[in-house]
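Please treat every number below as a calculation from the coordinates, not as lab data. It should be emphasised that the depicted structure is a prediction, and the values quoted were computed from it without experimental measurement. When we count neighbours, we look across all protein chains shown, and the Cβ atoms used for this are built from the backbone with ideal geometry, even at glycine.
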Amino acid sequence: MVSTQELHSRIKDFYRISKHERTGLIASIILIAFMFSFRDWGEDTVDLAIGLTNFSLILLIATISLLFRLTCQKIYALSQGYKAEFKVWWPGLTISLILIILSQGHLPLILLGTITATFMVKQRLGEFRYGFSYYENGMISFWGLLGSLIMAIIFSIGLYPFPNSYFFEKGLIINLILAAITLIPLPQMEGLAIFFGSRAQYFFGWIVVAVASILLLTQTLIGLIIAITLGLIAAFGYYMISSQK
């Protein structure tokens with residue numbers, strides 16, 4: 001793990017969201033808003049005011065969630081000497097759109113794309129084995145899962161005092177689904193990089209998503225406390241291990 005000063009310098013010099021990333025993110029955000037508000041445009045008849053309000057709320061949720069997720073991946077990548085970029089999977093977006101229409105909103109399968117890592121020669125100097133690492137490439141993708149789970153916990157914290165909040169409920173569900181779909185091992189998805197980076201990490205990811213989903217979806221104080229506690233313990237353990245590098 002590089003020093004805090006070095007990481008800050010790398011973020012300042014290299015953290016960017018490129019034009020093609022913005023295009024993919026905007027398309028993904030709009031699709032997520034359409035998918036998760038599909039059944040929320042009124043009870044018996046379409047209510048334009050309610051529908052647009054719900055659509056706008058999910059637009060905000062998707063924007064915050066995807067940007068936070070991508071930021072986690074980019075910062076981890078820079079700490080390891082890579083430049084990470086989001087690559088949208090246009091056929092995946094099309095499949096997601098078709099499925100949500102055919103299922104009448106019951107199957108929100110978010111197939112957004114993957115994260116690609118570019119080797120940064122100078123920033124990799126002194127790293128173990130120097131060259132491209134499949135494990136670290138998998139970890140970059142894995143940080144997308146962790147970012148979604150962090151956001152899920154944040155939305156769950158808001159949902160506890162406001163149990164009927166549409167905003168916090170949708171935020172929790174969307175981020176749990178994003179975390180789970182991260183592990184799908186398709187060629188254009190991040191799960192494949194995680195799978196080839198480390199089998200143990202891949203299956204551990206499924207355990208983490210399952211446990212987090214059970215704890216957070218109960219919407220109980222004890223479940224929320226356990227989820228936060230486990231997250232803090234994992235973060236502390238990761239920091240202690242990585243600081244020895």
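Each part reduced to its alpha carbon centroid, region 10-53 and region 195-216 end up 26 Å apart. The alpha carbon gyration tensor of the chain gives principal lengths a ≥ b ≥ c with a/c of 1.5 or higher and a/b greater than b/c, which makes the shape prolate. Model label sites at A235 and T218, defined 7 Å from Cα along the beta-carbon direction, differ in position by 2.2 nm. Between S198 and F162, the simple label model (points 7 Å from Cα in the Cβ direction) yields a spacing of 3.7 nm. Compared with the dominant principal axis of the Cα atoms in the chain, helix 166-181 is inclined by about 50°.
Relative contact order of region 17-242, taken over Cα pairs closer than 8 Å and 6 or more residues apart, is 18 percent. Ordering W206, W41 from the fewest to the most neighbouring beta carbons within 10 Å gives W206, W41.
Under the rule a/c < 1.5 gives rounded, and otherwise a/b versus b/c splits prolate from oblate, where does region 11-132 land using the Cα gyration tensor? Spell out each step's value before the answer.
Details: a/c = 3.79, a/b = 2.54, b/c = 1.49.
Since a/c reaches 1.5 and a/b is larger than b/c, the shape of region 11-132 is classed as prolate.
Would you mind classifying region 138-245 by shape? Square roots of the alpha carbon gyration tensor eigenvalues, ordered a ≥ b ≥ c; an a/c under 1.5 is rounded, otherwise it is prolate if a/b is larger than b/c and oblate if not. Don't skip to the end; give the middle numbers.
Numbers: a/c = 2.42, a/b = 1.43, b/c = 1.69.
The shape class here is oblate.
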